[in-house]
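Structure first, then comments.
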Amino acid sequence: MARKPLSPEARSIINSKVSRRAVLAGAGAVAGASALAACGSGGGSSENAIRWGNWPLYLDVDDSGKNYPTLQAFIKESGIDVNYFEDYSDNDEFFGKVQAQLKLKEDIGYDLVCPTDWMAARWIRLGYTHKFDKANIPNAGNILDTLASPSFDPTREHSMTWQGIMSGFGWNTEKVPGGVRTLDELFAPQNKGKIVVLSEMRDTIGVILRSRGVDLQTVTENQYMSAVEFLEQKVSDGWIRGVKGNEYAEDLKSGDAIAVIGWSGDMFILKNDYDGKFDFAIPESGGTISGDNLMIPYTATVEAKASAEKLINWYYDPAIAAEVAAYVNYVTPVKGAQAEMEKIDPDLAASEFIFPTEKTMANLSVFRSLTPAEESTWTEAFQKASGI
Amino acid sequence: MKKISTPYLLLLPGFAFLFTFFVFPILSLAQVSTATPISGGDVGEFEQTLRFRNYLEAFLESREHFGRSLVYALLATFIALMISYPLAYALAFKSGKYKNVLLVLVVAPFFTSFLLRTVAWKQILGEEGFVVPPLRTLGLISESTTLTSTAGAVIIGMAYNFLPFMTLPLYASIDRIDPRTLEASGDLYANGFTTFRKVTLPLSMPGVVAGTLLTFIPAAGDYVNAELLGGPNNTMIGNVIQSRFLIPDYPTTSALSFMLMAAILIIVIVYIRKAGTDEVV
């Protein structure tokens, strides 16, 4: 069927909205406030509808904010009804919410969820996911090579990347005209007190570790702790204004922060909205890439599982992926989407944010999976360095 | 027989409620606080080992945050008292026919979400808010000084957010003062200040005690203001509890919560004893 690509005007309106992470800024940062209203979609909720919990503003939506064009096209074409909820707003929180039911093998209310890599690793390790029937996902082969075999799911039997997220340096081009490409440039004297880093430890410590030439696939506890000490020193010396999630984008806008370790999708939107007042670069020494993953909780019924697999397959169609990418601006995990994007918007097709070149990709690395014990002690050390 | 049992029967719903939503959670919290991670277990799996060292370790790790919370809460309470007393006094004695309107205005901020009000302060004190640019232009603060991400912002935020809790009890007790006692004081040649010191203030003490407690207790456990208005060097014990909870490190979280409760309870008991008002509770 014919789908209407987004007009440039529509896209600029959509892009002027906050990103899915920025939407949590401020108020949403506080755990209690994050359960955003669920957005039902797909023409009512019939009994055999599958329920998809995704991050806010992470799927193409029309101007009214109520219709998801690619999702509705799927519903029409497949006859499978989908209830779409934008209430996956924090990995830990969501896990805390559903863990008890998962343990008891009771329905958690979702047939498709979207945890970030490290949390996906935990779900898979605990056996909380269904194994895909790849016959239902012929498009699975379209996944980018860099994402095809992560250590937590080497053959992608339990998870498929929804979007990739690069982390690197973001800065205010008026206040930091030279830009930020190395850790020393981030901690330049004139940035003191106006630096914000991510509260996602794998990204912040990952960037610091890369600047020391450490391979994130083999990072040891000593190397990690030494990078944490570096961060702790910078915090106590007053260099760092905040260790935050999505809210760093708000700090950049308000001028409270002028240089950050941030995420590509947010920075893309800021750059566009403010006509180049902000910019983003992958550190010379290398950045990190992570992903949010579509997974089917093992509490989903057999029918729901098959439907969810068909949905995953739909979004691995390059043309559909391109449409989603034109809205969310994160790294598209689907091969061939770039060629499709040419038809929608050549500028976006050339965007390094959505389609990193081979050279950029080579400079991004994935943080290795941590054992449960490491996860606890490493997180604790990072939080202590962040002041909590 | 029937006469004795009636009051107890009437208390039953209350007891049932308290048992379900207070006693039971407290016991479960106590139980978790001495647990330890199962060796080789996964994230969030704990077993009871009666390890009371959890408390000592949690305290040693977070003593800085405990200290900071108490200091911030005390300062916020003091600021709220200094703002609320004249306000409550004016409401009680000087507001005339506008009394009800003004009382509604005191409570009006509660019509908006606590979070939104705090985020608003973040905007006001931010780099491009109403405050910083004029101060910069006047040369009162340097280019590198900022107002958010500071202890001052956190304390002001708390003083603001809990202000009605201070104002209302103060108003209630000042409003009860018979104006004739003030006149009598004047008749006995006391000047305004002496009248305040010897008559108004002592008579309003129940309000002062209630107001300071209602401000201090939530302020000491607050994490929202520190999260939104503070920086990494202004985190309070509430922030530690929240972050440990999400790791998830339930034993430490429970131990910290217990210690916070104990600390507040001791402070409150000592304070009420000193202040000598049994009208409060």
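The values are calculated or read from the model by the stated rules, or taken from the named source; none is laboratory data. In this text the structure is predicted, and so the values were computed from the model without any measurement. Positions of Cβ are backbone-derived with ideal geometry, glycine not excepted, and every protein chain shown enters the neighbour counts.
If a residue has to be within 21 Å of residue A:116 (Cα to Cα) and aromatic (Phe, Trp, Tyr) to count, how many in region A:186-215 make the cut? Don't jump to the end; show me each part of the working.
Going residue by residue through region A:186-215, those that are within 21 Å of residue A:116 (Cα to Cα) are A:197-210, A:215.
Going one step further and asking which of them are aromatic (Phe, Trp, Tyr), we end up with none.
Qualifying residue count for the region: 0.
Out of region A:91-115, which residues are crowded, with 19+ Cβ neighbours inside 10 Å and either in a loop (DSSP other than H, G, I, E, B) or at pLDDT 95 or above (or both)?
Hits for region A:91-115 are A:108, A:110, A:111, A:112, A:113, A:114, A:115.
Can you name the residue in region A:240-284 that is part of a loop (DSSP other than H, G, I, E, B) and of a type in the set (Asp, Glu) and is also farthest from the other protein chains (Cβ to nearest Cβ) among such residues?
Taking the candidates together, the pick is A:284.
Quick one: residue A:288 ticks every box in (1) surrounded by fewer than 21 Cβ atoms within 10 Å (Cβ to Cβ); (2) of a type outside the set (A, V, I, L, M, F, W, C); (3) more than 14 Å from every other protein chain (Cβ to nearest Cβ); (4) touching an Asp or Glu at 6+ places or on another chain (Cβ under 9 Å) bar one, so which box is it?
Just one mismatch for residue A:288, condition (1).
Residues of region B:106-120 being exposed (fewer than 14 other Cβ atoms within 10 Å of the Cβ), part of a helix (DSSP H, G or I) and without any contact (Cβ under 8 Å) to a residue 40 or more places away in the chain, which ones?
B:108, B:111, B:116
Find the residue count for region A:334-366, including only residues that are among the small types (Gly, Ala, Ser) and over 21 Å from residue A:266 (Cβ atoms).
Looking only at region A:334-366, we keep the residues that are among the small types (Gly, Ala, Ser), and these are A:336-337, A:339, A:349-351, A:362, A:365.
Checking the rest, the ones that are also over 21 Å from residue A:266 (Cβ atoms) come to A:336, A:339, A:362.
Summing the residues that are among the small types (Gly, Ala, Ser) and over 21 Å from residue A:266 (Cβ atoms) in region A:334-366 gives 3.
So which of A:189, A:154, A:177 is within 28 Å of residue A:337 (Cα to Cα) and out of contact with any Phe, Trp or Tyr (no Cβ under 6 Å at 6 or more places or on another chain)? It would help to see each step written out before you state the result.
Details: A:189 fails: within 28 Å of residue A:337 (Cα to Cα); A:177 fails: within 28 Å of residue A:337 (Cα to Cα).
A:154 is the lone residue from the list that is within 28 Å of residue A:337 (Cα to Cα) and out of contact with any Phe, Trp or Tyr (no Cβ under 6 Å at 6 or more places or on another chain).
Which number in (1) more than 26 Å from residue A:330 (Cα to Cα); (2) surrounded by fewer than 17 Cβ atoms within 10 Å (Cβ to Cβ); (3) touching a residue at least 24 places away in the same chain (Cβ under 8 Å) marks the one condition that residue A:128 misses?
(2)
Those residues that are more than 7 Å from every other protein chain (Cβ to nearest Cβ), free of Cβ contacts under 8 Å to residues at least 40 places away in the same chain and surrounded by fewer than 21 Cβ atoms within 10 Å (Cβ to Cβ), I need them from region B:229-260; list them, please.
Answer for region B:229-260, where residues must be more than 7 Å from every other protein chain (Cβ to nearest Cβ), free of Cβ contacts under 8 Å to residues at least 40 places away in the same chain and surrounded by fewer than 21 Cβ atoms within 10 Å (Cβ to Cβ): just B:245.
Any idea which of (1) farther than 30 Å from residue B:261 by Cα; (2) away from chain A (no Cβ under 14 Å) is the one residue B:82 doesn't satisfy?
(1)
Would you be able to tell me the number of residues in region B:112-128 that are closer than 14 Å to residue B:149 by Cα and at the interface with chain A (Cβ under 8 Å from one of its Cβ atoms)?
Residues in region B:112-128 being closer than 14 Å to residue B:149 by Cα and at the interface with chain A (Cβ under 8 Å from one of its Cβ atoms): 5 in total.
Go through (1) without any contact (Cβ under 8 Å) to a residue 24 or more places away in the chain; (2) on the phi > 0 side of the Ramachandran plot for residue A:105 and report which single condition fails.
(1)
Among the residues of region A:209-220, is any among the β-branched types (Val, Ile, Thr), touching a strand residue (DSSP E or B) at 6+ places or on another chain (Cβ under 9 Å) and at negative phi?
Within region A:209-220 (the criterion being among the β-branched types (Val, Ile, Thr), touching a strand residue (DSSP E or B) at 6+ places or on another chain (Cβ under 9 Å) and at negative phi), the answer is no, since none of the residues qualifies.
Run residue B:227 past the list (1) in a helix (DSSP H, G or I); (2) farther than 25 Å from residue B:70 by Cβ and report the number of the one that doesn't hold.
Among (1) in a helix (DSSP H, G or I); (2) farther than 25 Å from residue B:70 by Cβ, the lone unmet condition for residue B:227 is (2).
When you go through (1) in contact with a helix residue (DSSP H, G or I) (Cβ under 6 Å, 6 or more places away or on another chain); (2) within 14 Å of chain A (Cβ to nearest Cβ) one by one for residue B:165, which number turns out not to apply?
Exception for residue B:165: condition (2).
Quick one: count up the residues across region B:137-162 that are surrounded by fewer than 20 Cβ atoms within 10 Å (Cβ to Cβ), within 14 Å of chain A (Cβ to nearest Cβ) and assigned to a helix (DSSP H, G or I).
1
Kindly establish whether residue B:218 is within 14 Å of chain A (Cβ to nearest Cβ) and in contact with a helix residue (DSSP H, G or I) (Cβ under 8 Å, 6 or more places away or on another chain).
no
Examine region A:351-366 for a residue that is buried (at least 19 other Cβ atoms within 10 Å of the Cβ), modelled with pLDDT under 90, over 17 Å from residue A:263 (Cα atoms) and touching a helix residue (DSSP H, G or I) at 6+ places or on another chain (Cβ under 8 Å), and state whether such a residue exists.
no
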